[in-house]
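The values are calculated or read from the model by the stated rules, or taken from the named source; none is laboratory data. It should be emphasised that the depicted structure is a prediction, and the values quoted were computed from it without experimental measurement. Using ideal geometry, Cβ is built from the backbone for each residue, glycine included, and neighbour counts are taken over all protein chains shown. Accessible surface is based on the protein model in full, side chains and every heavy atom, while ligands, DNA and RNA are left aside. Shrake-Rupley method; radii C 1.70, N 1.55, O 1.52, S 1.80 Å.
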Amino acid sequence: MTVFVCVLAAAGIANGQSLLDSLTTDLNIRGLATTMDPETGVVTVTGDVHILYGDVEMRSGSAQYNQTTGEVVARDGVTIWKAGTIYRGDSITYNSITGEMSGHNVISGMPAGSSGMSASGTSSGTPKSAGMVFFKAEDFHSESKLANRIDATGVSFTSHDVQNPNFRMGSKELTVYPGDKAVLRDVKLYAGDTPFFWLPKVTKSLNDDSGYRFSPGYQSRWGAFLLTQYAVQHGDHTFAKYKFDLRSKRGVGGGVDFISMRHRGNMQNFGVLKLYAVSDNAVSTNLAGSTRFPVNQTRYRANFQHRIYLPGPDVSTWYLDFDLNKISDIHFYEDFFFNDFRTDREPDNLVSLIHTNDAYVATLMAKFKMNDFYRTTTRLPELSFDFVRRPLFGSGIFHQGTITAGVYNEVVGRQEQDELLRLQILGAGGLGVVLADPLGTAPASYLSLVGRPRNSALTGTDVAQGLGVIGSRLQEPDFTRFHTYHELLYPKTYLGWLNVTPRIGFGMTSYGSIDGSTTGLTSFTRGILHLGLDVSFKLTKTWSDTQVPSFGINGIRHVFQPYLNYSYLDATQNAGLPAIDRLSPTTRPRSIDVLTFTAVDSLRSWNVARLGFRNLLQTKRDYTTSNGNGNGSFLGTLEGGDSQTYTWAGMNTYVDVFGKDPEFTRSLSNLYNEVFWRPVPWITLKSDLQLPIGSGVGSFTEANNGIIWLPTRNTSFEVGHQHISDHPFFQDSSLLYTRVYARLTDNYGFNMNHIYEGSDGTLQFQSYSLSRDLSSWVASIGVMARDNQGGAADFGILLSFTLKDFPQLNFDLDVDPNPTGRGGKQ
């Protein structure tokens with residue numbers, strides 16, 4: 001509606017045809033006849049009135065302008081064209097002095113997802129449009145320019161572009177605060193002309209996912225369910241999502257998410273409070289096949305993330321960060337919030353005071369235990385200074401470093417402690433007692449403790465080794481620690497092409513009041529000396545005339561970059577020191593940069609040379625790096641823009657040569673090869689490969705390959721394979737996953753997902769869904785099944801109705817949104 005202000009402001013300064021010569025040349029008003037009443041000062045233009053102003057065009061049967069009041073009135077079928085959008089109305093009145101505007105029977109449309117919203121109502125950085133929303137207002141009125149508010153009555157919205165839409169939403173009153181929110185009162189939803197739902201008031205944020213969401217379906221762990229959500233904005237500061245859920249097997253649940261609107265650009269750190277509780281009727285339900293611990297019927301979560309700038313309220317270099325998470329029990333996320341269970345099943349609790357500076361970032365942190373059912377590392381407190389890389393006195397030498405000091409403790413979770421003590425008692429009785437475990441879980445637990453596949457035959461050696469692991473896990477180490485490390489770098493380029501950066505680093509780590517040492521160690525101090533050298537150069541070859549439009553090639557350049565990263569570290573470690581910040585099992589190579597090696601307690605001497613080379617294929621393309629990967633994504637060519645370098649494909653191949661291996665006894669690591677190929681937006685290929693060169697512990701095979709391909713506008717394929725074998729900690733696996741989407745016709749779409757474990761021939765997950773476009777609605781039905789490999793089978797039937805292209809209301813079902821575990825929303 002704000003377009004009327006722009007258009008009629010131009011018309012408002014028109015004083016009849018005789019005054020046009022005194023106006024800006026950007027404004028042009030024409031009509032068949034122009035008259036002026038000298039007594040009232042009213043100028044009247046009649047007969048096919050045509051007003052042009054910039055990219056705005058308006059036509060009406062007549063228009064009047066009152067010089068005294070500044071009021072412009074356009075009547076008789078007013079039509080306005082602005083940026084491809086058409087507005088129609090019986091009459092429009094605008095006051096050029098006060099900025100007030102009113103209209104009667106105004107009809108128009110807007111892209112669904114405008115103002116930065118997608119069709120589903122979610123906020124995004126780039127405006128999207130998946131269709132049109134059409135609206136009509138019997139009367140509307142905007143206040144003065146300073147008030148920045150629009151009021152309307154008799155408002156109707158629909159996404160069905162026909163004379164008699166089969167679905168619409170009506171509101172007796174509407175108040176719009178441009179760029180902020182819209183408030184609707186006496187709201188009714190209509191099927192045809194029949195109202196079927198009523199709300200007294202709805203507040204819709206213009207930038208967030210507001211409105212109602214209904215998600216019905218059936219899932220084996222929940223039974224039949226109905227998940228509902230009502231999202232609304234309170235005032236100008238808080239966005240709320242109220243939830244009320246019914247599950248036939250589990251009972252009633254509900255809660256609310258409060259989101260601060262004061263810092264919309266950083267929702268991850270500012271003002272998020274999530275509260276949810278369930279009265280669970282089936283607390284013993286176990287579909288995972290793992291040990292199920294007793295929990296209470298009343299189950300809940302409370303999550304709070306917030307940042308407070310000091311002294312506030314404006315952004316400053318001092319701020320407090322809160323990350324607090326209270327959960328009722330160890331199985332709550334697993335039972336009710338699948339995404340949180342996959343990504344952060346054991347959330348931390350911490351409060352940090354942070355000060356940022358051009359030279360450093362200082363942090364005073366308190367990390368504490370709020371949930372006693374999982375293992376937690378406490379830092380009460382920890383003070384750290386991280387110094388950024390900066391030149392020293394213009395010498396060409398750069399400095400970077402860190403200082404940390406704190407009191408550290410690791411606390412075993414209550415359920416973990418009880419289970420370890422139970423396994424320890426069984427193990428003390430020997431192999432036979434473990435195999436005869438009444439619960440039947442001890443053999444698999446012992447195999448897991450020693451890193452063997454769960455389907456292996458348990459031996460007496462496994463039990464003996466498992467007892468040693470249990471003893472170490474029951475320890476609760478506690479100590480004070482001071483750690484500092486500083487590094488000097490001297491980057492130089494020789495002969496114009498050879499890049500050489502020598503590095504020297506030094507530091508120390510001092511431990512005191514040690515508790516939990518297996519050797520009785522009470523204090524320990526060690527020095528740190530690091531010597532490093534980075535060497536690299538580039539060779540390039542360009543073929544400017546090579547053109548392959550189908551693969552997005554506009555000239556091609558090959559870049560070949562050999563490199564050497566040598567690192568020698570002297571950091572002797574005492575075997576009796578109980579580690580808290582320690583290494584976790586991984587398939588990736590360890591960092592050989594001391595500053596990025598965060599497992600301070602596992603830092604020990606090494607002598608490593610990382611040798612490799614990169615191959616890049618680059619072409620010229622107009623793009624933006626909004627995707628964050630630095631390789632660019634496609635964007636329409638901007639006027640006057642220049643072609644930029646786009647990395648079309650790349651390969652990084654490297655190997656670690658050990659003079660001293662800090663983890664195993666290798667002389668050579670695996671051979672690593674990382675490949676990506678992104679030639680055009682509809683093809684993406686990635687491949688990460690590790691092949692063993694030597695033998696023994698630490699030599700294993702891993703291959704992660706995947707391709708996303710859109711062969712036509714109506715079809716999308718994703719196929720991937722994840723293979724690992726002979727790893728010292730992880731089970732052998734050969735996992736194949738697929739995703740297929742096909743738009744069968746203009747009205748029908750089909751989607752399916754599969755996850756297949758080749759090592760044991762298990763189809764772990766499968767889902768199928770069929771959607772039908774019903775003009776204003778999209779209906780879909782789907783089925784899914786999951787094999788938990790030892791647990792009960794999990795299956796569900798999903799039914800959803802989505803109101804298409806209408807951001808104020810959506811029906812969305814998202815019970816298992818991303819079966820491959822690669823992201824997705826809750």
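Report the full-extension gain for the segment Thr480 to Lys188: residue separation times 0.36 nm, less the Cα-Cα distance, to one decimal in nm.
Between Thr480 and Lys188, full extension yields an extra 98.7 nm.
Contour minus end-to-end for Arg414 and Asn499, with contour as 0.36 nm per residue of separation and end-to-end as the Cα-Cα distance?
Here the segment from Arg414 to Asn499 would lengthen by 25.2 nm.
So what J values fall out for the range 365-373 if you push phi through Karplus, 6.51 cos²θ - 1.76 cosθ + 1.60 with θ = phi - 60°, rounded to Hz, Gly and Pro as x?
Values per residue, Gly and Pro as x: 10, 10, 10, 9, 9, 10, 10, 8, 9 Hz.
Stokes-Einstein diffusion coefficient for the range 508-601 at 25 °C in a medium of 0.890 mPa s, Rh from the Kirkwood formula over Cα pairs: what value in µm²/s?
137 µm²/s
Between Ile308 and Phe537, how many nm apart are label points set 7 Å from Cα along the C-beta direction?
In this crude label model, Ile308 to Phe537 measures out at 5.8 nm.
If the only charges are +1 at each Lys and Arg Cβ and -1 at each Asp and Glu Cβ, what is the size of the charge dipole of the range 455-571 around the Cα centre, to the nearest 20 debye?
540 debye
Taking R0 as 41 Å, what FRET efficiency do you get between Trp318 and Ser667 from their Cβ-Cβ distance, rounded to the nearest 0.05?
Working from the Cβ atoms, E equals 0.25.
Output the pairs from Lys492/Lys541; Lys367/Lys686; Lys201/Lys274; Lys369/Lys686; Lys172/Lys274 with a Cα-Cα distance over 29 Å in this structure; if there are none, say none.
Lys367/Lys686; Lys369/Lys686; Lys172/Lys274
Tell me, what is the FRET efficiency for Ser591 and Thr343 to the nearest 0.05, using R0 = 22 angstrom and their Cβ-Cβ distance as r?
With a Förster radius of 22 Å, E is 0.45.
Quote the accessible area belonging to Tyr490 in square angstrom, nearest 10, computed with a 1.4 Å probe and with ligands, DNA and RNA left uncounted.
Rounded to the nearest 10, that gives 90 Å².
Return the distance in nm (one decimal) between the two label points of a simple spin-label model at Thr175 and Gln731, each offset 7 Å from Cα along Cα→Cβ.
6.0 nm
Testing the spin-label approximation: label points 7 Å from Cα along Cα→Cβ at Asn747 and Ala575. State their distance in nm.
7.6 nm
Highest first, please rank the peptides 590-603, 389-402 by the mean number of other Cβ atoms sitting within 10 Å of their residues.
Top of the packing list down: 590-603, 389-402.
Enumerate the calculated ³J(HN,Hα) couplings along the range 747-754 in order (Karplus 6.51 cos²θ - 1.76 cosθ + 1.60, θ = phi - 60°), each rounded to whole Hz, writing x wherever the residue is Gly or Pro.
Values, residue by residue: 10, 10, x, 9, 9, 8, 9, 9 Hz.
Add +1 for every Lys or Arg and -1 for every Asp or Glu among the other residues with Cβ under 11 Å from the Cβ of Gly89, and state the total.
Charge balance near Gly89 sits at -1.
Taking 8 Å as the Cα distance limit and 6 or more residues as the minimum spacing, I'd like the relative contact order of the range 528-576 as a percentage.
This gives 49 percent for the range 528-576.
Roughly speaking, what is the stretch gain from Leu685 to Lys249, that is 0.36 nm per residue apart minus the C-alpha to C-alpha distance, in nm to one decimal?
152.7 nm
Rule-of-thumb check for the range 445-599: C-alpha Rg over 2.2 N^0.38 Å?
Rounded to two decimals, the normalised Rg is 1.63.
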